[in-house]
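Read the structure below first, then the notes.
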Amino acid sequence: MFLNEHQSKKLFAAAGIAVPAGDCLGPEDVDAYAPPFPGPWYVKAQVLTGGRGKAGGVLRADAPDALRATARTILGMTIKGHAVPFVRVEPATDIRKECYLSFMLSRQRREMLLTTSHRGGMEVEATADSRKPLVQRVPLDAGLREHHLRAAFFELGADPAGWAGFRDLAERLFRAVRDDGLLLAEINPLVFTGAGQWVALDGKVELDDNVVDLRPDLQGYYTPEHHGAEENAARDAGLSYVGLSGWVGLLVNGAGLAMATMDLLNFSGLPAANFMDLGGAADGARMRRALDLLFANPKVRAVFINLFGGIVSCAGVARALMEALGAERAAQPVVVRMAGHESAEGRALLR
């Protein structure tokens with residue numbers, strides 16, 4: 001689950017990391033908004049994609065009327081295919097130095113990667129002096145150590161007076177990654193202010209969906225406005241769903257089988273319209289909701305149901321399909337493959 005900048009900063013603040021004051025505004029909030037902090041202000045598009053600044057989604061305003069006009073302009077934008085549902089308004093920061101700091105889980109290496117750079121902002125890798133960011137491997141069992149922190153701080157090239165503050169911030173960020181099940185925690189830029197404080201001026205967070213399922217308190221970071229109606233309906237029904245650009249609707253049980261099926265369709269010139277995993281604990285209501293999502297999607301011209309029965313009964317899915325269709329023929333062609341638990345019964349019902 002990806003978080004926008006505003007939600008990422010809420011998580012950082014909960015971890016004790018300094019962030020600028022800020023308000024999140026939707027279209028209905030703009031006209032009556034009076035900023036509670038002095039200007040000038042920056043108005044920042046809240047979307048789950050990069051490149052906001054280049055697209056004009058981060059703008060400065062020096063007066064309240066200009067702030068509201070700027071907010072309305074940005075709320076009408078689409079950035080890399082993402083409509084802007086919210087903007088974040090925050091006061092300007094007295095920046096003395098910009099840097100980069102992130103922790104990312106590497107499944108391949110089975111450890112965390114701590115990345116730091118002496119510069120922050122857009123295109124961190126493309127430095128004029130060809131100096132690449134420093135990437136350190138942090139073992140999951142041993143955790144963050146003093147030598148990681150010292151090497152990271154030396155890479156920043158910051159004033160030695162900022163060492164204690166940087167060390168505290170990096171340790172707090174690592175604890176948030178570990179305790180909240182973050183796959184990515186990025187601060188770009190991390191800035192050192194005129195007051196001698198390290199502040200997360202921007203943030204990007206990815207939460208592990210498996211951890212979110214176990215932690216009801218993390219569910220509050222989910223922002224339905226960043227997702228389509230199908231994805232929100234699937235989430236409410238407990239389905240794993242991702243909309244894609246193709247025209248073959250998929251219903252599969254098991255993520256591995258779903259991805260293999262999607263690959264085979266794509267390689268055969270039959271692009272998938274979605275990824276949807278029915279899961280192992282699907283009841284009749286969940287199966288019915290999954291089928292409703294497929295048949296209601298205007299992009300779907302054919303439906304492929306690929307099941308390997310285990311915990312899920314193929315006969316149960318067949319009954320759900322019959323209930324979804326009623327006495328009517330399917331609006332789109334439906335191809336069903338069944339194997340495993342009660343597959344013979346399921347095929348008999350469909351025939």
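The values are calculated or read from the model by the stated rules, or taken from the named source; none is laboratory data. It should be emphasised that the depicted structure is a prediction, and the values quoted were computed from it without experimental measurement. Every residue, glycine as well, gets a Cβ built from its backbone with ideal geometry; the counts of neighbours run over all protein chains shown. Ligands, DNA and RNA are excluded from the accessible area calculation, which covers all protein heavy atoms including side chains. Shrake-Rupley method; radii C 1.70, N 1.55, O 1.52, S 1.80 Å.
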Query raised in the report: Within region 58-80, can one find any residue that is open to solvent by 20 Å² or more (accessible area, probe 1.4 Å) and within 30 Å of LEU144 (Cβ to Cβ)?
Result: no
Report summary line: Over region 310-329, the set of residues open to solvent by 10 Å² or more (accessible area, probe 1.4 Å) and in contact with a strand residue (DSSP E or B) (Cβ under 7 Å, 6 or more places away or on another chain) is GLY310
Query - Hits in region 71-83 - residues which are over 17 Å from LEU3 (Cβ atoms) and either in contact with an Asp or Glu (Cβ under 7 Å, 6 or more places away or on another chain) or not in a helix (DSSP H, G or I) (or both) - result: GLY76, MET77, THR78, LYS80, GLY81, ALA83
Report task. Would you be able to tell me the number of residues in region 127-174 that are surrounded by 15 or more Cβ atoms within 10 Å (Cβ to Cβ) and closer than 15 Å to LEU105 by Cα? Result -> 5
Query raised in the report: Going through region 206-246 one residue at a time, which ones are farther than 26 Å from LYS299 by Cα and among the polar types (S, T, N, Q)?
Result: ASN210, GLN219
Query raised in the report: Quick one: VAL248 ticks every box in (1) open to solvent by less than 60 Å² (accessible area, probe 1.4 Å); (2) touching a helix residue (DSSP H, G or I) at 6+ places or on another chain (Cβ under 9 Å); (3) under 26 Å from ARG88 (Cα atoms); (4) at pLDDT 85 or above bar one, so which box is it?
Result: (3)
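Being open to solvent by less than 40 Å² (accessible area, probe 1.4 Å), under 13 Å from LEU67 (Cβ atoms) and not hydroxyl-bearing (Ser, Thr, Tyr) is the filter here, so list the residues in region 23-33 that pass it.
LEU25, VAL30 - these are the residues of region 23-33 that are open to solvent by less than 40 Å² (accessible area, probe 1.4 Å), under 13 Å from LEU67 (Cβ atoms) and not hydroxyl-bearing (Ser, Thr, Tyr).
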Report task. Mind checking which strands (runs of 3 or more DSSP E) fall wholly inside region 120-235 and carry at least 2 residues that are over 24 Å from the mean Cα position of the chain (by Cα)? Result -> 134-139, 182-193
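Output yes when any residue across region 254-263 is in a strand (DSSP E or B), on the phi < 0 side of the Ramachandran plot and open to solvent by less than 60 Å² (accessible area, probe 1.4 Å), and no when none is.
Looking only at region 254-263, we keep the residues that are in a strand (DSSP E or B), and these are none.
Scanning region 254-263 turns up no residue that is in a strand (DSSP E or B), on the phi < 0 side of the Ramachandran plot and open to solvent by less than 60 Å² (accessible area, probe 1.4 Å).
I need the full set of residues from region 202-218 which are surrounded by fewer than 22 Cβ atoms within 10 Å (Cβ to Cβ) and more than 25 Å from GLY143 (Cβ to Cβ), in order please.
Narrowing region 202-218 to residues surrounded by fewer than 22 Cβ atoms within 10 Å (Cβ to Cβ): 204, 206, 208-218.
Answer for region 202-218, where residues must be surrounded by fewer than 22 Cβ atoms within 10 Å (Cβ to Cβ) and more than 25 Å from GLY143 (Cβ to Cβ): just PRO216.
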**Report entry** Qualifying position, being open to solvent by less than 10 Å² (accessible area, probe 1.4 Å), touching a Cys at 6+ places or on another chain (Cβ under 9 Å) and either touching a residue at least 24 places away in the same chain (Cβ under 8 Å) or at positive phi (or both), among GLN7, GLN46
**Finding:** GLN46
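What are the residues in region 293-317 that are over 22 Å from ALA273 (Cβ atoms) and of a type in the set (A, V, I, L, M), if any?
Matches in region 293-317: ILE311, ALA315.
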Query raised in the report: Looking at GLY238, is it at positive phi and in a loop (DSSP other than H, G, I, E, B)?
Result: yes
Query raised in the report: All but one of (1) surrounded by fewer than 17 Cβ atoms within 10 Å (Cβ to Cβ); (2) modelled with pLDDT under 85; (3) assigned to a loop (DSSP other than H, G, I, E, B) hold for ALA282; which doesn't?
Result: (1)
Query raised in the report: Among the residues of region 84-106, is any assigned to a strand (DSSP E or B), without any contact (Cβ under 8 Å) to a residue 40 or more places away in the chain and open to solvent by 40 Å² or more (accessible area, probe 1.4 Å)?
Result: no
